[in-house]
Every structure is written in structure tokens, then in C-alpha cells.
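Let me begin by presenting the structure, written as C-alpha cells, before commenting on it.
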Amino acid sequence: MNFSIMFDKDKCKCCTNCIKRCPTQAIRLVDGKAFINNDKCIHCGECIKVCPYNAYTPEPIEWYEEMHFSSYKHKIAISSTPLYGQFPKGTDICKVQNSILKLGFDSVYDASWAAEMVGMAIKRKINEEKIRPFISTNCPAVVRLIKNRYPSLMDHLILIKEPMVIAAMLAREKAKKKLDLKDDEIGVFYLSPCPAKLLAVTDPVGDYKPYVDWVIPLNTIYGELYRELVKGDNGLCSHPSLNGTKWAVSGGQSESAGLTNYIAVNGMENIIQILDEVENGNLTNVDYVETLACVQGCVGGTFNVINPFIAQSNINYILGNTKDESIIEELDEFDEMYESGVFKFSLKPEENQGKFNMKEAIIKREKIKEIYDKLPGLDCGSCGAPTCYAHAEDIYNNESTLYNCVVLRANKITEEGR
């Protein structure tokens, strides 16, 4: 599995919603149907959200069989930081954790514990190095956006592993020691708020092992989870880190890391505007740019169920009305883990293949601008590209021609007829 979004051609009605909203302009209209350029797709899930005909769906995965009928001796659920915001305000966190166990898991590891440690790693790296601004790498969709659209900014990526990966690694090691199990006897399942995490597991951008075996879209188990929750049977509880739980919302990871000079931006259109500013050298006085593809941050993920603004309110209620009783056993080992490189990663060689320096990026942009100036600027979409600028990029990349523009083609025919 290396692709997290499926497209049903028969359901496509050529409404062009996906073409207009795709943040990397990866979708074109070909023979009256949408066509995804896999090289440009960043798996943000925006097409799933905006398609009124449900032509886009998450990649079907066989996690259910693995969860219930596999040979794993111990199954661990990694709960994501926005999970608790998916339940009514005031819901007992312990009940949520126990509901997860009742679905068939043997233990729950809270991603907030890892998020708190990742925040510490981010602050330490910012203090150690002079690059400004650093750009977050928690959201796989944004990392792929930078790779595809802003290769000159690759050096700004902070390259600290996301909490999902650290949580899975720590949970797996803990189970191996406590239960004397081998690595392949443990199954790690991540309860995901978004499709980008699917690809982050099967095809990570970094040179690291994801430690997660299966990704479960939260919306596929939410009903069952909620029914168990309502039963009200409570049991043992491992309290989440409130500081780490802040990662669920935009600005939370910067706040969790104790940063003060940062910009937190969410939603692809806003992120593109900020990255343009970074690329133009206008934000060198900022330490950290926190970027999350979904509206309001991870609470707005496609796999979530609750409106992101309501979910954010629920998270804020938890942060303001819950006593922090979390015990992060690995916290005392942070310095040793950081020094040994546990949190850091390097991009895989293929992620750097299209890397441009600033000068090359400017030259490319100027050539595309020259092509764009020849187009009518109507953004009519009749060529199959979402905008005239996107069509100019296609021409630059030898994926289209100038006269695929119907306006230029009509003008040419008129001139030839005179």
C-alpha cells in the first residue's frame, strides 16, 4: 500500500471542485474526468472533503482482520492527540481509553506523551542551529507540499520525527521489555485523524522506520467506540499529557515546546501564502513556522467526525478543566534519547532529487511567468488545469502545450483565416 486516496472514475461528474481546491494543483481534467498526478499529490485529503459525489475515498485497508484475527500476541492502540476532542465536552478521558481497549486492543499508548517529548526536541534543535525560520515536519502533507512546490525550502524543515512515530517506538519497546515479546509478536495500530498518516507509515519521507503496523481511520471505528463509551464501564486509566494534547490544535506544538517567536498557520491556502513569504526571505526573524494542512490543525482531519471548531473547543475544555496526572516514564531519558539521535531524521535520497537552490527556483519561476504572460489569464479551466498559471507550469514541465488553451487556439484559427 503506497497510496492513501482512491478515485472512482464512474462517480466523477466533472464538477471541478477538486481541481480548484487541490493545494498542489495535482488534479487535471482529462477526457471529462478528474485525473490525479500521483507525483504531485500530497495526500492531504482536501479532495475527499470537497467532492459532492464521493468519488474520492481513503485507501481501503485490512486493519480489521489484523486487529481481530492476526497472530499478534499483544496489540497496541496509539491514540492521536485530537482523539479526545471527538467526544462531547466533559467526557471522561478514562472512559475513552477503556472504550479503545474494548475494541480488541491489549493496551493504549497516548500520543500526547510522545508529543511532549517531541516538543522538547524541537525547542532544543531551534536553540542549537541558526536556520530561520525552521518549518515543522509533523504534518506529512505539508512536508510533501514543500517537496513538490517549494524545493528551495527543504533546508528549513526541522526534521524531527512526528509524535506518532516516537509513540509507536516507545510503546513497542515498552511491551517487548514488560511482556518479553519479540518485535513481530506486537501489533501497533494508529487511530488516525487524516489520510496523510496512512502514507507516512507506508512511505515515510524520512530514513526511519515508522514502527506502526496499521493505520485505522478514526471515522471507521467511531460508532463502535462511542457505543462502548456510553455504556459507562470505567476501568484503569493512563492519563494523557495535557502539554502534549495541545498538539491537537493549531499553535499547540509551538506552545507545548515553550516557543514564543513562532507563526502557527493551518489550512492549505494559508500555508501556501506563508511559505511564499518564507521563500521570498521575509520571515528570517521568526524562529519556527508551525504548519498543519487541516483547518484548525489536526482536529480538522478528514477522518475525524466532529466539526473542527467544536473539537477545538472540546480540547480547550480538557486543557482548562483537567488535572495533569500524566506520568511519562521515558521523560527522564530524554537527554540520552536526543543525544543519540532518536528524534532526528534525514530525508530519503529520492526526496531530494528535485531539490532546487534559491537561484534555480527564481529562474524556474521567471520562465513559468514568461509562459503565463502569453496565456489569457481567465482561469477558465477549459485546458484541464485549474488556473492559467498551473497550465503554464504544465507547459514548462512538457506536460501540455500552449495551444491546449482554447482561447489561444481560437485566436490562432481566426488569424490564420484572415
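The values are calculated or read from the model by the stated rules, or taken from the named source; none is laboratory data. None of the values given here were measured: they were computed from a predicted structure. Note: ideal-geometry Cβ built from the backbone for every residue, glycine included; neighbour counts use all protein chains shown. Accessible surface areas use protein heavy atoms only, side chains included; no ligands, DNA or RNA. Shrake-Rupley method; radii C 1.70, N 1.55, O 1.52, S 1.80 Å.
Quick notes
- C-alpha long axis of helix 111-128 to longest principal axis of the chain, angle in °: 60
- Accessible area in the full protein assembly, largest first, 1.4 Å probe, for 50, 188: 50, 188
- Using alpha-carbon coordinates, inclination of helix 93-102 to the longest axis of the chain, degrees: 90
- Evaluated at q = 0.06 Å⁻¹, a Debye calculation over the C-alpha positions of the chain (equal weights, vacuum) places log10 I(q)/I(0) at -0.27.
- When the stretch 75-201 is reduced to its Cα atoms, the Kirkwood hydrodynamic radius in Å: 16.3
- Under 5 Å between amide hydrogens, built in the peptide plane, is the criterion, and for residue 160 it picks out 137 among residues at least 5 positions away or on other chains.
- Principal-axis tilt of helix 268-279 within the chain, Cα atoms, nearest 10 degrees: 80
- The alpha carbons of the stretch 139-219 occupy a box of 47, 29, 16 Å along the principal axes, longest dimension given first.
- DSSP-defined antiparallel bridges as percent of all bridges, the chain, nearest 5: 30
- Within the accessible area of the chain (1.4 Å probe), percent carbon and sulfur: 48
- Heavy-atom accessible surface of the chain, averaged per residue, reaches 46 Å², computed with a 1.4 Å probe.
- Alpha-carbon centroids, the stretch 82-127 and the stretch 272-304: separation in whole Å: 23
- Accessible area in the full protein assembly, largest first, 1.4 Å probe, for 365, 132: 365, 132
- For the stretch 28-34, Karplus couplings with θ = phi - 60° (6.51, -1.76, 1.60), whole Hz, Gly/Pro x: 10, 9, 10, 6, x, 10, 5
- Cut-off of 10 Å, at most 15 other beta carbons, DSSP loop: longest stretch of the chain lacking such GluC sites (Glu not before Pro): 130-324
- Among 81, 291, 202, the residue with the largest mean-square fluctuation in a Gaussian network model of the chain, with springs joining Cα atoms closer than 10 Å, is 202.
- For the stretch 209-344: Kirkwood Rh in Å [reciprocal of mean 1/r, alpha carbons]: 17.8
- GNM result for the chain, Cα springs below 10 Å: residue of 127, 314, 148 fluctuating most strongly: 127
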